[in-house]
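The values are calculated or read from the model by the stated rules, or taken from the named source; none is laboratory data. All of these numbers come straight from a predicted model, not from anything done at the bench. Cβ coordinates were reconstructed from backbone atoms using ideal geometry, including for glycine residues, and neighbour counts include every protein chain displayed.
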Amino acid sequence: MHPYRIAGLVLGALALLTGGFLVVGILLPSGWTAERSVEIAAPPEQLFGLLTKAERWGEWTPSPDSGVELFGPSEGPGSGRRWDDPGYGQGEFVIVDTDPPRSLRYAVEVEGGSIRIQGSLRIESTPGGSRVHWQEEGDFGWNPLLGYLAGRMDELQGAQMESSLSALRRLAEGEPTSGLD
């Protein structure tokens, strides 16, 4: 067999595999959901004060190191953070709705809206303080590579949510918060 024919067959097979990979990625569900909760020895009003101010989110959730700008009111609907950071890209987080001291909803857009996340935090009073329920859902759109990632987001984003909720618990309970888990 001629070397050019072998090279053509190899390149054709690679193109077919790559095309198949991309088609499957496009056909995979692009939406995802993750949900976690934690018990915190603090009353709902105290927790809500940490959640309703976008500025405070950097104390208990991963945040960019550079290019962060606060906007809107200091708390409640419209309170937000924008960033342009090499590690996090460009994005925006904004609190869209609150029901003090029980719940809030927020929205995140990354890279001009190519990734969108909707989230909510619900606080229930318990005999020992509060239970915080955190739920997020997102959609990666038509990106064939992120289609493969969407199926693992409960695991991946859920782990990040657990770490952030642990940091929120330490912050609310007055323990050292020298970093996120």
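Details
- Enumeration of residues in region 46-60 that are exposed (fewer than 15 other Cβ atoms within 10 Å of the Cβ) and hydrophobic (A, V, I, L, M, F, W, C): none
- Members of region 61-71 found to be small (G, A, S) and surrounded by fewer than 15 Cβ atoms within 10 Å (Cβ to Cβ), listed by number: S66, G67
- Test: residue in region 107-118 that is closer than 18 Å to T33 by Cα and touching a Pro at 6+ places or on another chain (Cβ under 9 Å): no
- Residue check, P127 out of contact with any Lys or Arg (no Cβ under 7 Å at 6 or more places or on another chain) and closer than 24 Å to I40 by Cα: yes
- Selected residue [closer than 17 Å to R56 by Cβ, assigned to a helix (DSSP H, G or I) and at pLDDT 75 or above] from L156, L165: L165
- Among the residues making up region 64-86, those that are charged (D, E, K, R) and in contact with an Asp or Glu (Cβ under 8 Å, 6 or more places away or on another chain) are D65, R81, R82, D85.
- The number of residues in region 75-116 being within 16 Å of the chain's Cα centre (by Cα) and free of Cβ contacts under 8 Å to residues at least 12 places away in the same chain comes to 1.
- Residue in region 85-101 that is modelled with the lowest pLDDT, counting only those that are farther than 18 Å from Q157 by Cα and exposed (fewer than 14 other Cβ atoms within 10 Å of the Cβ): P86
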